[in-house]
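Trainee: First the structure, which I've put down as structure tokens, then a few questions once you've had a look.
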Amino acid sequence: MKDHVAMVTGGATGLGRSIALEFARRGVHVAFNYREMPGRDIGAQALMTETALRGYGVRVYCEPCDVRSRDAVHGFVEHAKAELGGVHFLVNNAGIAHDGALWRLT
């Protein structure tokens, strides 16, 4: 895995951040994206994630990207490939859970 490139959608926080950090720990360069959300400072958290990833000595590409937009995703992928030299692993992690308990959902 070392020196390959992983792309993690929604990689700034939570599970996506943990996945990105595990890739970096194994020597994998990481591209991740995030989306700003009301009431949450995701951009600042993305900067902390980026800093933590670089601490493993890997290259990192990070940018905001709304994965609901095909054009935004295309741009993110192209920029990440140009910056890091390709993509070997993809983790589609981006998503929002409003309520984790299935029996509470309408």
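The values are calculated or read from the model by the stated rules, or taken from the named source; none is laboratory data. Predicted, not measured: the structure shown is a model, and the values here were computed from it. Cβ atoms come from the backbone with ideal geometry, glycine included; neighbour counts cover every protein chain shown.
Trainee: Failed condition for ARG25, given (1) surrounded by fewer than 16 Cβ atoms within 10 Å (Cβ to Cβ); (2) of a type outside the set (A, V, I, L, M); (3) over 18 Å from LEU84 (Cα atoms); (4) modelled with pLDDT of 95 or more, with all others met?
Mentor: Condition not satisfied by ARG25: (3).
Trainee: Specify the residue that is farthest from PRO64 (Cα to Cα); the eligible residues are those in the range 28-43 that are outside any loop (DSSP other than H, G, I, E, B) and at pLDDT 95 or above. Talk me through it step by step, then tell me what you get.
Mentor: Within the range 28-43, the subset outside any loop (DSSP other than H, G, I, E, B) is 29-34, 37, 40, 42-43.
Pick out the ones that are also at pLDDT 95 or above and you get 29-34.
Working: HIS29: 18, VAL30: 14, ALA31: 11, PHE32: 9, ASN33: 5, TYR34: 5 Å.
Going through the qualifying residues, I end up with HIS29.
Trainee: Among the listed residues ALA12, ALA20, which satisfies the condition of being among the small types (Gly, Ala, Ser), within 12 Å of the chain's Cα centre (by Cα), buried (at least 24 other Cβ atoms within 10 Å of the Cβ) and in a loop (DSSP other than H, G, I, E, B)?
Mentor: Values: ALA20 fails: in a loop (DSSP other than H, G, I, E, B).
Checking each option against the conditions leaves just ALA12.
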